[in-house]
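See structure below.
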Amino acid sequence: MTKHLLLGQTLQFHANPLHDDWQNACTVDSAGGVLIEAGRITAAGSGADLRTAHPDATVTDYGQNLITAGFVDAHMHYPQTAMIASWGKQLIDWLNTYTFPEESRFGDKAYADMIAGRTMDLALAHGTTTLTSFCTIHPTSVDAYFEAAATRNMAVVGGKTCMDRNAPDTLRDTAQSAYDDSKALLEKWHGRGRATYAITPRFSPTSTPDQLNALGSLWSEHPDCLMQTHLSEQHDEIAWVKSLFPTARDYLDTYESHGLLGARGLYGHAIHLEPREIDRLADVGAALVHCPTSNTFIGSGLFDTFGLAARHIRTGLATDTGGGSSFSMLRTMAAAYEIGQLRGTALHPSQLMWLATEGSAQALHMSGQIGHLGAGAMADIIVLDLASTPAIAQRNARATDIWDALFPTIMMGDDRAIADVWVAGKPTA
Ligand code: GUN
Ligand code: ZN
């Protein structure tokens, strides 16, 4: 059997550095090695030891570059790829002005195929090996997404976005068709190859209580699927939810009372949470997804990474393309750092890297499978050049340790920092 041995600096996590002392949560080996067999990592440790133990392995020596798990984007909208960075609107106006017209195009399979392929290629070029995406209301958009991922052998999560009110005619389904289409799509795609289906009500303002109920029932019939939605992103949105659901205790209750709160639920943004909401999310073991470039770009607010981690609520990191302003998880980590600073807390580079890999994988219930540089995980691996531009290189030259060497790439890096990408044990270049 073919064996590949990657040599370089390696970063491995053993625990969550947001809970434990970050020094004990990870190991950096300045002369590490990662052994790949049949698409999986079978060993990670000393490069010299692995070389001696596996003389038959094909060796790729990345020198001083940093080998890490591929980035896991835990919330994005592939149909918004072509309208990323659209100017001047906050959430509801941004949806109506830019997003809905673009999403209306995805009933056209050829267009959906083109944008799905483009998104995956952009993701890989930026070191993202797993995407978690909202598709559009069109089943074709879901087929296009999972087909594009299968072609590239990528592990992805996605689902048909459901909306039966407060959206243009071209983008509305019904409670029944949302149930029927989502059921057919999850039966087709969930667990096929590396695909995972997420039942996907967009957010409470665009679903009637009937539709939320129907999707809650579907989730209870398929509890191994994930469920993804949005929660408490902007003040205007929260006020709108209150007016649409006058008897709900809070925003989260609009999901909870319709069977849409659970441990396999992914709640994007979750910025302006009330104490009851935080308690319930913690009680049920739900996951939150922090989308920092989106939160600054659309003007949403400051996610409380440390406060929510202190409650042991699982948290992933995400671009939220195209509300987010970058395809890069490096830029996304930088924005998470900046939001932390605005809240008075500096996230350590180990904590940022953990969120972009292990944290997102944990949110998706895929710990140990993806986002992990260790034996047993799929070999979705990236190699970071820590001196990828003149500006980063000159700062890197005076680094005192690996974290000081990595931090300029987190803050200033982009796709130029991605020296190599392996998906399921194969190089993508
Ligand atoms: N809330 C509902 N839909 C969306 C979306 O497409 N992007 C963002 N950022 N928030 C949303
Ligand atoms: Zn979103």
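Tabulated values for the structure
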| item | result |
| --- | --- |
| Only Lys, Arg (+1) and Asp, Glu (-1) charged, at Cβ; the chain dipole about Cα centre in debye | 320 debye |
| Extreme residue, positive dipole direction of the chain, given options Gly413, Ser325, Met83 (C-beta unit charges) | Gly413 |
| Alpha-carbon centroid distance for the pair the range 239-290 / the range 127-169, whole angstrom | 23 Å |
| Under 18 Å, Cα to Cα: Lys pairs in the chain, sequence gap 8 or more or different chains | 5 |
| Percent of beta bridges antiparallel (DSSP, the chain, rounded to nearest 5) | 45 percent |
| At least 15 Å along the helix axis (C-alpha) and Kyte average at least 0.5, DSSP helices within the chain | 329-342, 402-412 |
| Antiparallel %, DSSP beta bridges [both residues in the range 32-180], to 5 | 40 percent |
| Farthest positive-ward along the chain dipole, Cα basis, beta-carbon charges - from Trp354, Val284, Val59 | Val59 |
| Ranked by how many other beta carbons lie within 10 Å on average, peptides 278-291, 170-183 from highest | 278-291, 170-183 |
| Size of electric dipole in the range 145-266: Cβ of Lys, Arg +1 and of Asp, Glu -1, about Cα centre, debye, nearest 20 | 400 debye |
| Kirkwood Rh in Å, taken over all unlike Cα pairs in the range 106-218 | 14.1 Å |
| Convex hull volume per residue in cubic angstrom - Cα atoms of the chain | 129 Å³ |
| Arg40 long-range amide H proximity, modeled H, under 5 Å | Ala379 |
| Highest average packing first - 198-204, 404-410, Cβ atoms within 10 Å | 198-204, 404-410 |
| The chain: calculated mean residue ellipticity at 222 nm from DSSP helix runs of at least 4, using -39500 (n - 2.57) | -10500 deg cm²/dmol |
| Relative contact order of the range 251-347, defined on C-alpha pairs under 8 angstrom at six or more residues apart (%) | 25 percent |
| Cα centroid separation - the range 337-366 against the range 52-110, whole Å | 18 Å |
| The range 1-54: projected area of the alpha-carbon convex hull, averaged over directions, in nm² | 4.0 nm² |
| Sequence-separation-based contact order of the range 339-429, relative, with Cα cut under 8 Å and 6+ spacing, percent | 25 percent |
| Simple Cβ-charge dipole of the range 273-349, Lys/Arg +1 and Asp/Glu -1, about Cα centre, in debye nearest 20 | 120 debye |
| Positive-end residue of Ala110, Phe100, Thr132, charge dipole of the range 55-171 with Cβ unit charges | Phe100 |
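Read-outs throughout are calculated quantities, based only on the coordinates presented, and are distinct from any laboratory measurement. Predicted model, so just to flag it, every value in this text is computed and none were measured. Quick reminder, even Gly has a Cβ in these numbers, built from the backbone with ideal geometry, and neighbours come from all protein chains shown.
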